[in-house]
Amino acid sequence: MFIHRSKFGIGALLIALSLLACDSSTLVASLAATPTPTRTPRPTFTPQPEITDTPQPSPIPAATATSTRAVVTAAPRPPTAKPAPTQVPAPQFTVQLTESYPCPQTSPVYEIAARIQDPNPPKRFVGGYVLEIRSPDGSFSKTGISVPSGQEYESFLGGTDCKAQNFWYYNLKVDAAEVRGHAPFLARIVRSTTDRTPISADVTIDFMQPTRWIIYYFAPPK
């Protein structure tokens, strides 16, 4: 390559290169000094799904609500029957009272006439039984003892028993003249003269008027 060297050629070239160098630095400086506008990227928004109100279940009325628990229906309780009143059994006496009644008297008679007999034929009189008459409060008490057949008392028609139609025999009597005009009294067969435990039912009697009380008993032989 042929380079033309001249007096001004090299200098001019140097000057041109200097200028070019200055211009390039100035250009670079100017380029550095001038901020390059930076475009901010626009944010990308992801579209959110449209929010809608979640429908709430309607409240179920209490009357129609269905429960998953088993409903236990209580069976009606049968009415409780009232207990039957306890009945006290009647005492079992060894001597059976069969009949009693008063026979009013025209004479001043206040006594008990009794028959104590074996219930089996020939219904003999049974001795050794004690009959007691007593006031309800126990302030008065008197006893009589029955006699066996062969020792019984005899009376004429109507003389003792106002219901008798013939001669009447009895085997126990108690005189109650000391309590005439008083009432009431109880008559009963007791175990003995010392043990007054009753062995027969009571008979309520009185001696307000002259009276002979007639009492019938059945008793086993002693």
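The values are calculated or read from the model by the stated rules, or taken from the named source; none is laboratory data. Everything quoted here is computed from the prediction, not taken from an experiment. Every residue, glycine among them, receives a Cβ derived from its backbone with ideal geometry; neighbour counts consider all protein chains shown. What goes into the accessible areas is simple: the full protein's heavy atoms, side chains included, and nothing from ligands, DNA or RNA. Shrake-Rupley method; radii C 1.70, N 1.55, O 1.52, S 1.80 Å.
What the table shows:
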read-out	value
Selected residue (only one of Val130, Val71 is under 27 Å from Ala187 (Cβ atoms) and either modelled with pLDDT of 90 or more or open to solvent by 40 Å² or more (accessible area, probe 1.4 Å) (or both))	Val130
Residue check, Lys123 over 29 Å from Gly181 (Cα atoms) and open to solvent by 10 Å² or more (accessible area, probe 1.4 Å)	yes
Condition met for Ser135 (at pLDDT 90 or above and either within 46 Å of the chain's Cα centre (by Cα) or surrounded by 12 or more Cβ atoms within 10 Å (Cβ to Cβ) (or both))	yes
Number of the exception - Tyr170 against (1) closer than 15 Å to Phe207 by Cβ; (2) in contact with a Phe, Trp or Tyr (Cβ under 6 Å, 6 or more places away or on another chain)	(1)
Matching residues in segment 196-215 - criterion: being open to solvent by 40 Å² or more (accessible area, probe 1.4 Å) and more than 44 Å from the chain's Cα centre (by Cα)	Asp206, Met208, Gln209
Residues of segment 88-119 satisfying the condition of being under 52 Å from the mean Cα position of the chain (by Cα), over 16 Å from Lys222 (Cβ atoms) and open to solvent by 80 Å² or more (accessible area, probe 1.4 Å)	Val88, Pro89, Pro91, Gln92, Glu99
Residue count for segment 109-140, restricted to those that are small (Gly, Ala, Ser) and closer than 13 Å to Ser192 by Cα	2
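For (1) under 19 Å from Ile189 (Cα atoms); (2) hydroxyl-bearing (Ser, Thr, Tyr), each residue gets a yes or a no:
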| position | (1), (2) |
| --- | --- |
| Pro79 | no, no |
| Thr94 | yes, yes |
| Pro108 | no, no |
| Asn120 | no, no |
| Arg124 | yes, no |
| Gly144 | yes, no |
| Pro148 | yes, no |
| Ser155 | no, yes |
